[in-house]
Amino acid sequence: MKQRIKLFVNGEAYEVYTEPNRTLLDVLREDLELTGTKRGCDSGECGACTVLLNGKPVNSCLILAPEVDGQSVVTIEGISKPNLPLHPVQEAFIEKWAIQCGFCTPGMVISAKALLDRNPEPSEEEIKLALAGNLCRCTGYVKIVEAVKAAAEKMKEGRS
Amino acid sequence: MTVQISRESLIGKSLTRVDALEKVTGRAVYGDDIKMTGLLYGKILRSPKAHAKIKRIDVSKALALEGVKAVVTGKDAPFRGGEALRDQPFLAIDKVRFVGEPVAAVAAVDERIAEEAIKLIEVEYEDLPAVFDVMDALKPDAPIIHEELHTYEHIPIVQPVPGTNICAKFEFERGDLEKGFAEADVVIEDTFTFAPSHHGQIEPFMAIAQVDYNGRITVWVPNDAPSRLRKDLSDAMKIPQDRIRVISPPYMGGGFGGKGGLKVEMVCIALAMKTECRPVKIRLTREETFEATLTRHGAVCWVKMGAKKDGRIVACHSKLYYNTGAYAEKGPTVTLHGCESGVGPYDIPNIKVEGYCVYTNRPVAGALRGYGLPQSSWAHESLVDMLAHKLGLDPLEIRLKNALVEGSINPIRGDELFSVGLKECLEKAAKAIDWYKKRPPNRGVGIACEYKATKTPSGSTAFVRIEQDGSVEVVTSSVEIGQGVRTILTQIVAEELGASPNMIKVTVPDTDYTPFDASTTASRTTFHMGNAVREAARDAKKQLLELASKLYGISPERLDTWDGKVFPKEGGKEMSFREVITSHYRAGLSILGRGSYYPNIPGTLFSAHSVFYMYAAHAVEIEVDPETGVITILKYAAAHDVGRAINPKACEGQIEGGVLQGIGSTLYEEILFDDKGVMLNPNFRDYKMPTSMDMPKVIPIIVEAPHKEGPFGAKGIGEITLVPVSPAIANALFNAIGVRIKDLPLTAEKVYFAIKKQKGGN
Ligand code: FES
Ligand code: FES
């Protein structure tokens with residue numbers, strides 16, 4: 001039996017009718033056609049599907065659609081808008097060459113943003129820990145970690 | 001007086017990636033993001049058996065399910081494909097040869113119905129004896145996996161041995177092996193084993209296929225070689241290439257050699273042939289991506305080396321056995337390349353290398369970053385260390401003593417080598433970790449080096465188009481796998497044409513519009529396609545200057561371009577590309593430059609000595625916990641001779657990524673099977689890949705020994721970055737605690753027991 005679910009995604013209200021066993025990732029990618037959130041494993045092991053649920057990073061493939069009824073979700077599409085400035089994490093990813101194939105990138109950006117939101121000056125160990133659930137097979141993480149450090153710096157400058 | 005126009009070269013500059021903005025904002029489109037009108041979804045029923053006859057298949061119940069539009073089995077698509085040897089059916093025909101082989105497939109209006117429908121298909125099997133171990137498969141009484149081996153078509157370089165499980169066999173011999181060993185003061189030999197591993201691309205496999213009313217096939221697929229895919233399909237289906245169109249999705253989420261050849265395409269096309277022009281999409285789950293796409297070959301490598309007292313290696317004999325699984329895929333040429341680096345990057349006068357590509361009932365093994373070298377290198381680079389130990393020599397010094405240098409003769413193929421930066425790699429990598437420093441107990445250093453060929457000969461064609469608005473398009477079939485090819489080609493074209501990078505875009509491959517390119521593999525693209533686009537840019541520039549010369553009233557030789565403008569060399573008014581074109585062709589026109597590169601080396605595909613060689617040396621410092629066996633990597637220096645770094649950051653990215661991928665398969669990655677051939681860890685939970693927590697301190701070092709034929713001297717880098725990792729770490733393990741492990745991976749458990757044995761044993 002399909003259920004009616006209301007959710008807020010990137011500040012907009014949506015209503016979807018869905019089978020209750022579909023996941024938030026299914027709803028985002030298939031119903032709302034927000035394909036920036038990636039499906040890498042569908043079982044909570046790669047982090048490619050990371051979104052912010054009420055401000056906290058989660059694997060959207062592990063969350064059933066009915067659980068997000070009335071909740072607020074931010075996907076990569078909500079982090080920046082065309083013609084507006086990028087988020088400092090995004091800028092830093094570009095500058096530091098923290099991207100190769102890009103498939104892990106949306107999830108990485110979300111996890112990094114969530115980290116810097118709760119801990120503006122993370123140590124290298126804290127950065128690595130915050131990204132431990134996001135697999136990247138291309139970069140060896142070196143430039144990703146550098147980018148998160150650089151983003152923290154940028155945000156610090158932005159605050160002062 | 002000549003005016004000096006300041007132009008800073010774009011070559012060697014770390015421009016930011018041209019695709020970074022789309023990727024970092026989540027707007028980059030990958031295969032699974034594509035939807036189409038009328039799209040159907042396919043699911044595959046896979047074999048639960050490693051080796052069995054198919055007695056009966058009944059699809060009637062699946063076909064009757066509402067929403068199901070087509071069901072196919074092997075009989076509906078009686079084709080066999082394969083780049084090197086055409087042995088692989090689109091879906092199993094009469095028998096299955098590995099657990100996970102497609103047996104039937106369903107296309108339905110949604111994925112859930114398709115999923116339900118495949119469960120309704122009844123298949124009756126009759127078990128056949130299976131063989132999984134590569135050495136067992138070579139025994140005279142081993143079950144034969146391909147009874148029809150003698151009937152398969154193959155490229156000339158591949159020579160199967162009918163009546164056995166030998167899919168291909170290669171042999172290289174130079175000098176006089178017996179004499180060499182007789183002259184040696186020390187001879188040692190040993191056997192090393194290599195565990196199968198997986199690419200672990202974060203993007204799972206997918207494809208969309210559509211057959212139009214004329215029967216023409218279009219496939220949208222993240223495949224690393226659209227031109228080759230079209231040929232492979234045409235060869236398999238016995239239809240002309242122009243009946244097939246391959247379109248790359250804008251982006252691919254990692255390949256590492258896995259997303260090439262025929263994978264999901266085969267089943268997807270078989271279904272699309274029965275869906276009355278409706279497109280069919282198949283996306284594999286993570287489990288299917290593990291179980292049924294491709295693995296890196298497990299291997300057994302035996303090496304024997306003989307050396308003089310002073311460390312000079314005078315003879316080397318290797319026998320390499322690659323477990324290629326149920327079908328050939330690229331296994332034969334993986335084996336060939338493994339052989340081509342079968343004695344290491346050393347000037348050894350007497351050699352023999354034998355390579356065997358062997359069928360078993362394992363999933364198909366093929367290309368994975370390094371193409372046969374991670375296995376062969378693991379063996380000879382471990383053995384060189386053992387040799388050094390026996391001779392009382394330093395592992396770095398024995399390598400420097402034997403290393404190939406400019407003008408050396410390639411020990412395998414006998415060609416003269418140039419653009420050889422090996423010694424510099426060895427010296428710089430060693431220095432970066434302070435090689436000679438005295439270290440506390442349980443710490444050690446290891447080094448390994450290698451050289452790698454690229455597939456030769458192979459061709460690339462490109463266009464460079466200057467539009468009437470002055471913008472530039474690079475028309476190419478090179479695939480952006482993540483390596484940064486669009487950025488590199490942009491830099492090369494910008495430099496050659498005198499355009500600014502932001503005027504340039506690089507196409508996404510579509511075989512209807514983008515010209516032939518052999519493949520985006522073998523680290524060949526910067527060199528081959530780089531040369532092709534450079535020539536096309538030169539041609540476009542020539543035409544542009546001819547137009548401009550009419551406007552300026554001076555000869556084209558007196559004009560030049562930079563930053564999207566034409567200017568007289570002696571100074572004067574600048575004109576933008578747009579102004580030049582529109583002033584001349586007032587109603588508009590495009591300028592089309594053409595370029596091709598095909599090395600001037602005779603031979604058929606893969607048969608010739610390499611047009612360039614990449615050289616690398618890795619040095620690592622580790623610490624071993626003798627209580628737990630855990631290896632911690634303290635410092636990892638990887639030096640690579642790339643000819644010329646077009647974009648140093650891109651090269652660093654390849655090194656850092658390749659090293660960590662290599663650390664994974666060295667320390668813990670291993671595909672495990674039960675005794676029936678079922679994969680036990682087909683997911684990221686049980687198949688452990690490195691995370692950010694496992695990232696060591698990596699020091700990428702770029703060495704430049706320019707290649708006379710490479711674009712601006714460039715060669716390649718991607719594949720070799722992973723190759724020296726395993727022996728470098730194993731050598732460091734020996735250096736740290738005196739334990740030599742000869743089978744990968746070097747898990748903590750294995751190290752722990754090795755230490756225990758060493759302590760208790762003698
Ligand atoms: S797709 Fe959700 S964690 Fe991998
Ligand atoms: S950039 Fe490819 S997986 Fe991270």
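The values are calculated or read from the model by the stated rules, or taken from the named source; none is laboratory data. Source: prediction; values computed, not measured. Cβ coordinates were reconstructed from backbone atoms using ideal geometry, including for glycine residues, and neighbour counts include every protein chain displayed. Each accessible area value is taken on the protein alone, full model and side chains, heavy atoms only, with ligands, DNA and RNA left out. Shrake-Rupley method; radii C 1.70, N 1.55, O 1.52, S 1.80 Å.
Would you mind checking the pairs B:Lys231/B:Lys505; B:Lys352/B:Lys756; A:Lys96/B:Lys438; B:Lys390/B:Lys455; A:Lys6/B:Lys259 and listing those with alpha carbons more than 29 angstrom apart?
B:Lys352/B:Lys756; A:Lys96/B:Lys438; B:Lys390/B:Lys455; A:Lys6/B:Lys259
Take the alpha carbon atoms of segment A:1-71, find their center, do the same for segment B:223-288, and report the distance between the two centers in whole angstrom.
First find each Cα centre; the distance between them is then 30 Å.
Using label points projected 7 Å from each Cα along Cα→Cβ, tell me how many nm separate B:Met693 and B:Asn600, to one decimal.
Each label point is offset 7 Å from its Cα along the Cβ direction, giving 5.7 nm.
How large is ³J(HN,Hα), in whole Hz, for each residue of segment B:222-230 in order, when computed from phi with the Karplus curve 6.51 cos²θ - 1.76 cosθ + 1.60 and θ = phi - 60°, using x for Gly and Pro?
Working through the residues one at a time gives x, 10, 6, 8, x, 5, 5, 4, 4 Hz.
On the protein heavy atoms, probe 1.4 angstrom, tell me the percent of accessible surface of segment A:3-78 carried by carbon and sulfur.
Answer for segment A:3-78: carbon and sulfur cover 47 percent of the accessible area.
Give me the distance between the Cα centres of segment A:120-160 and segment B:318-342, rounded to whole Å.
Here the two parts' Cα centres lie 40 Å apart.
How long is the gain from B:Gln758 to B:Leu551 if the chain were fully straight, where each residue apart is worth 0.36 nm and the alpha carbon distance is subtracted? Display every interim value, and only then the final one.
Values: separation 207, 0.36 × 207 = 74.52 nm, distance 8.24 nm.
Length difference between fully extended and current span is 66.3 nm.
Provide the buried accessible surface between chains B and A in square angstrom, both chains summed, 1.4 Å probe, rounded to the nearest 100.
Numbers: alone 28340 and 8620 Å², together 32630 Å².
Rounded to the nearest hundred, the buried surface is 4300 Å².
In whole Hz and in residue order, list the ³J(HN,Hα) couplings for segment B:407-419 that follow from phi through the Karplus curve 6.51 cos²θ - 1.76 cosθ + 1.60, θ = phi - 60°; x for Gly and Pro.
Those phi angles translate into x, 4, 9, 4, x, 8, 9, x, 7, 7, 9, 9, 6 Hz.
If packing is taken as the mean number of other Cβ atoms within 10 Å per residue, what is the order of B:99-111, A:67-79, highest first?
B:99-111, A:67-79
If you average the sequence gap of Cα pairs under 8 Å that are 6 or more apart and divide by the length of segment A:3-78, what percent do you get for the contact order?
Relative contact order of segment A:3-78: 40 percent.
Principal axis lengths of segment B:640-704 from Cα atoms, whole Å, largest first?
Principal-axis extents of the Cα atoms in segment B:640-704, largest first: 49, 24, 16 Å.
Over segment B:475-566, calculate the relative contact order: mean separation of alpha carbon pairs under 8 Å at least 6 apart, over the residue count, as a percent.
Over segment B:475-566, the number comes to 37 percent.
Can you tell me, using C-alpha contacts under 8 Å and at least 6 residues apart, the relative contact order of chain B as a whole percent?
Once normalised by length, the contact order is 15 percent.
Using modelled amide H (1.01 Å from N, peptide plane; none on Pro or chain starts), what sits under 5 Å from the amide H of B:Tyr152, excluding residues fewer than 5 places away?
Counting only residues 5 or more places away or on other chains, the set is empty.
Run the accessible area of segment A:88-159 with a 1.4 Å probe and give the carbon-and-sulfur part as a rounded percent.
Solvent-exposed carbon and sulfur of segment A:88-159 make up 49 percent of the total.
Starting from a Cα-only point model with no solvent, please compute log10 I(q)/I(0) by Debye for the protein assembly as shown at q = 0.04, 0.08, 0.09 1/Å.
Relative scattering, expressed as log10 I(q)/I(0), comes to -0.18, -0.75, -0.96.
Beyond 19 Å, what percent of the Cα pairs of segment A:3-78 remain?
Here the tail beyond 19 Å accounts for 21 percent of pairs.
Can you tell me which lysines have their Cα less than 23 Å from the Cα of B:Lys573? Leave out same-chain residues fewer than eight positions away.
Excluding near neighbours in sequence, the set is B:Lys541, B:Lys542, B:Lys550, B:Lys565.
Using the alpha carbon gyration tensor of chain A, what are the three equivalent-ellipsoid semi-axes (square root of 5 times each eigenvalue), largest first, in whole Å?
After diagonalising the Cα gyration tensor, the semi-axes are 28, 17, 13 Å.
Whenever you get a sec, compute what percent of the accessible area on chain B sits on carbon and sulfur atoms (1.4 Å probe).
Accessible surface attributable to carbon and sulfur in chain B totals 51 percent.
Taking only DSSP H segments of four or more residues, each worth -39500 (n - 2.57), what value at 222 nm results for the protein assembly as shown once the sum is divided by all its residues, to the nearest 500 deg cm²/dmol?
-8000 deg cm²/dmol
Which percent, nearest 5, of DSSP beta bridges in the protein assembly as shown are antiparallel?
80
If the chain between B:Val29 and B:Asp190 were fully stretched, how many nm would it gain, using 0.36 nm times the residue separation less the Cα-Cα distance?
Working it through step by step, the gained length comes to 53.1 nm.
For segment B:106-118, just list the computed ³J(HN,Hα) in residue order, Karplus coefficients 6.51, -1.76 and 1.60, θ = phi - 60°, integers in Hz, with x standing in for Gly and Pro.
Residue by residue, segment B:106-118 yields 10, 10, 9, 5, 9, 5, 5, 5, 4, 4, 5, 5, 5 Hz.
Between B:Asp94 and B:Glu178, what is 0.36 nm times their sequence separation minus the Cα-Cα distance? Round to one decimal in nm.
The B:Asp94-B:Glu178 span can extend by a further 25.5 nm.
Of B:Leu91, B:Ile155, B:Ile166, whose Cα points farthest to the positive end of the dipole of segment B:65-166 (charges on the beta-carbon: +1 Lys, Arg; -1 Asp, Glu; origin at the Cα centre)?
Checked the options; the winner is B:Ile155.
Keeping every protein chain present and rolling a 1.4 Å probe, give me the accessible area per residue for the protein assembly as shown in Å².
Numbers: 32630 Å² over 922 residues.
Ligands and nucleic acids excluded, the figure is 35 Å² per residue.
Calculate, for B:Arg243 and B:Glu126, the FRET efficiency according to 1/(1 + (r/R0)^6) with r their C-beta to C-beta distance and R0 25 Å; round to the nearest 0.05.
So the FRET efficiency works out to roughly 0.10.
What is the calculated FRET efficiency for B:Glu171 to A:Met1, with r their C-beta to C-beta distance and R₀ = 60 Å, to the nearest 0.05?
Values: r = 66 Å, r/R0 = 1.10.
Plugging the Cβ-Cβ distance into 1/(1 + (r/R0)^6) gives 0.35.
Sticking with the crude label model, points 7 Å out along Cα→Cβ, report the distance from B:Arg216 to B:Glu66 in nm, one decimal please.
Spacing of the two 7 Å Cα→Cβ label points: 3.8 nm.
Measuring from centroid to centroid over Cα atoms, what is the spacing of segment B:1-77 and segment B:144-205 in Å?
If we compute the Cα centre of each part, the gap is 31 Å.
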